[in-house]
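Undergrad: Dumping the structure here so I can ask a few things about it.
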Amino acid sequence: MALPRDRLCGVVAAPTAPEMIQLLRRGLLRTSTLELRLDWLANEAEVVRFLGWLGRQRLRATLIATCRRREAGGKYRGDVASQVAVLRLAVACGCTAVDVEMESAERFTADALRGLLPIPRIISYHNFRRTPAAAALRAIVRRLEQCGGDAVKVAAECRSLGDSVRVLQLARRARRVVTVPMGETGLPARILALRHGSALAYAAVGEASAPGQISLEAMQEMYRTEGLNARTRVYGVIGNPVAHSLSPLMHNAAFAARGVNAVYLPFRVARLEDFLGAAGKLGVAGFSVTLPHKERILRRLDDCDPLAADIGAVNTVVVRARGKLYGYNTDYVGVLRALERRMRLRGSRVLLYGAGGAARAVAFALSRAGAIVCVCARRTQQAVALARAVGGEAVARRRLAREFFDAIVNCTPVGMHPRESESPLAAREINAGLVFDLIYRPQRTRLLHLAARRGIECVSGVEMFLAQGMAQWEIWMGQRAPEKVMRAAVMEALREEVRK
């Protein structure tokens, strides 16, 4: 099977012929390679209607017909003979390749399948539960190759980054292999598939047809997938959860603006050991750190900036020669830039709600700027320890309704997308001249709504997010960050969320 001109394949999947036609037309505006998920069509009449239209078009594109049976994770309810009949009709109507799952292909000899479907054939394996071990994956590839296809495809649900690496590595062990790491954890590897030698990468034109599949627009515009190569530097954010993060949008916009051959990815990391074991194989050159790993990562670093060591939390890591990890904390910069323009920090009394990694950066920044730091947290011992570290005061929750502060800073994830209706503090506990919420998504949290109702000045976490992100970019790139580009990308995304 000759590789198509566009190796990023848009997936067209819809229940009716008109919807399929609309998606196909939309997809062709972005790529000339499309997979047509005929099994998504609601019934035989819709299949015939869509393929009848297709046969009248004469489209100059690589169209891969797929009619995956339920046995292999698809929607088609017919038997193998009916499935092959649908694929033969698709070939007659202009499809230039077919994807046949292993469960169906093995019902025929290689020669018989070639006779029935005499165009390039992708023989595919799908596992929506887990990723098999490396030896089992290699055996699956050999089994797929015995079906006589022109290319083979392995798609597997990845529960760890180690799983993702095993799937990607198949492309380097055999020719004409399509690798598809599935699931949220597999998403970074899905984006890197072409970089690692996969014959194709898949993206949704409309509704996602597989776990972790993202839109064709995002693959092309945010991640610039088709331009990734062996020299592309990989960066990302590690956390759990991480899907809400706008860091990929911000950093990739900056890379594109400056013409840097780099990509920034969201890594959902449950265990640090999993990420650190896969980072070298994925080509990671640096990464951001968010909840819950900002403090845990310290134990895994080879060295650390003295300020980050004092804070006891790291949000930025550079991978140096021989894989050595060096940590920084740019949250510190973000706090100061967000607050210095709005209030006099020296001598002010500021309450931090929360005592985790983010709170530590805020506490040290404010303390060194001359503020009196008060700490309140659900874990009293943690609050006391942080207050003691910066020469501040631990405040019990029961006192908040009777106390007044120059500023209150929320350092917890309470109120973060998708739990926007929650606030870490009740209205009666918000007694301050200013309230700063480190959460930036949503831009206007429930806490800030409550504060605004009381006439209190509000500061969104977006200011800190942008400042710390620009500082990260400058550490990694060694040049000034394109501030206007990064700010515009983030603010437009937040405005779009409000419009929705």
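Undergrad: Take Ala2 and decide whether it is on the phi < 0 side of the Ramachandran plot and modelled with pLDDT under 95.
TA: When the stated conditions are applied, Ala2 passes them.
Undergrad: Give me the strands (runs of 3 or more DSSP E) completely within segment 135-208, filtered to those with at least 2 residues that are within 22 Å of Leu34 (Cβ to Cβ) and of a type in the set (Val, Ile, Thr), ordered by residue number.
TA: On the way: elements: 151-157, 177-182, 201-204.
Here the list reads 151-157, 177-182.
Undergrad: Then there is this: Please count how many residues of segment 98-121 are in contact with a helix residue (DSSP H, G or I) (Cβ under 9 Å, 6 or more places away or on another chain) and either among the aliphatic types (A, V, I, L, M) or at pLDDT below 95 (or both).
TA: Number satisfying all stated conditions: 8.
Let's see how each residue does on (1) part of a loop (DSSP other than H, G, I, E, B); (2) farther than 29 Å from Arg30 by Cβ; (3) touching a residue at least 12 places away in the same chain (Cβ under 8 Å):
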{"site": "Pro211", "(1), (2), (3)": "yes, no, yes"}
{"site": "Ala243", "(1), (2), (3)": "yes, no, yes"}
{"site": "Pro248", "(1), (2), (3)": "no, no, yes"}
{"site": "Glu273", "(1), (2), (3)": "no, yes, no"}
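Undergrad: Specify which of the listed residues (Ala285, Ala308) is touching a residue at least 40 places away in the same chain (Cβ under 8 Å) and either of a type in the set (Gly, Ala, Ser) or more than 30 Å from Leu216 (Cβ to Cβ) (or both). If you could, list the steps in order and put the result at the bottom.
TA: Values: Ala308 fails: touching a residue at least 40 places away in the same chain (Cβ under 8 Å).
When all the criteria are applied, what remains is Ala285.
Undergrad: Of all residues being of a type in the set (Asp, Glu), farther than 15 Å from Ala279 by Cβ and part of a loop (DSSP other than H, G, I, E, B) in segment 291-334, which is nearest to the chain's Cα centre (by Cα)? Just the residue, please.
TA: Glu295
Undergrad: Name the residue that is surrounded by the most Cβ atoms within 10 Å (Cβ to Cβ), counting only residues in segment 96-128 that are farther than 30 Å from Gln57 by Cβ and touching an Asp or Glu at 6+ places or on another chain (Cβ under 7 Å).
TA: Asn127
Undergrad: Quick one: in segment 337-347, of everything that is assigned to a helix (DSSP H, G or I) and either in contact (Cβ under 8 Å) with a residue 40 or more places away in the chain or among the hydroxyl-bearing types (Ser, Thr, Tyr) (or both), which residue is farthest from Gly415 (Cα to Cα)? Outline the logic, then answer.
TA: Within segment 337-347, the subset assigned to a helix (DSSP H, G or I) is 337-340.
Within this subset, residues satisfying the condition of being either in contact (Cβ under 8 Å) with a residue 40 or more places away in the chain or among the hydroxyl-bearing types (Ser, Thr, Tyr) (or both) are 337-339.
Working: Arg337: 23, Ala338: 19, Leu339: 21 Å.
If we take residues in segment 337-347 being assigned to a helix (DSSP H, G or I) and either in contact (Cβ under 8 Å) with a residue 40 or more places away in the chain or among the hydroxyl-bearing types (Ser, Thr, Tyr) (or both), then Arg337 is farthest from Gly415 (Cα to Cα).
Undergrad: Right, here's the next one. Kindly indicate whether Arg159 is touching a helix residue (DSSP H, G or I) at 6+ places or on another chain (Cβ under 7 Å), touching a residue at least 24 places away in the same chain (Cβ under 8 Å) and over 24 Å from Thr62 (Cβ atoms).
TA: Judged against the criteria, Arg159 is not a match.
Undergrad: Counting only residues that are surrounded by fewer than 24 Cβ atoms within 10 Å (Cβ to Cβ) and among the hydrophobic types (A, V, I, L, M, F, W, C), which one in segment 189-200 is farthest from the chain's Cα centre (by Cα)?
TA: Out of the qualifying residues, it is Ala199.
Undergrad: Just one of (1) within 20 Å of Leu298 (Cβ to Cβ); (2) not in a helix (DSSP H, G or I) trips up Val350, so point out which.
TA: Exception for Val350: condition (1).
Undergrad: Among Leu307, Leu301, Leu339, which is out of contact with any Lys or Arg (no Cβ under 8 Å at 6 or more places or on another chain), of a type outside the set (Asp, Glu) and buried (at least 24 other Cβ atoms within 10 Å of the Cβ)?
TA: Details: Leu307 fails: buried (at least 24 other Cβ atoms within 10 Å of the Cβ); Leu301 fails: buried (at least 24 other Cβ atoms within 10 Å of the Cβ).
Answer to the check: Leu339.
Undergrad: Also, quick follow-up: Which of the residues that make up segment 4-48 are more than 20 Å from Gly74 (Cα to Cα), surrounded by 15 or more Cβ atoms within 10 Å (Cβ to Cβ) and basic (Lys, Arg)?
TA: Arg7, Arg26, Arg30 - these are the residues of segment 4-48 that are more than 20 Å from Gly74 (Cα to Cα), surrounded by 15 or more Cβ atoms within 10 Å (Cβ to Cβ) and basic (Lys, Arg).
Undergrad: Next up: Of the conditions (1) within 16 Å of Val362 (Cβ to Cβ); (2) not in a helix (DSSP H, G or I), Cys458 satisfies every one except a single condition; which number is it?
TA: With respect to (1) within 16 Å of Val362 (Cβ to Cβ); (2) not in a helix (DSSP H, G or I), Cys458 is out only on (1).
Undergrad: Since Ala365 meets every condition but one in (1) closer than 28 Å to Gly239 by Cβ; (2) modelled with pLDDT of 95 or more; (3) part of a loop (DSSP other than H, G, I, E, B), which condition does it not meet?
TA: (3)
The values are calculated or read from the model by the stated rules, or taken from the named source; none is laboratory data. Just so we're clear, the structure is a prediction, and the values are computed from it rather than from any experiment. Note that each Cβ is placed from the backbone with ideal geometry, even for glycine, and that neighbours are counted across all protein chains shown.
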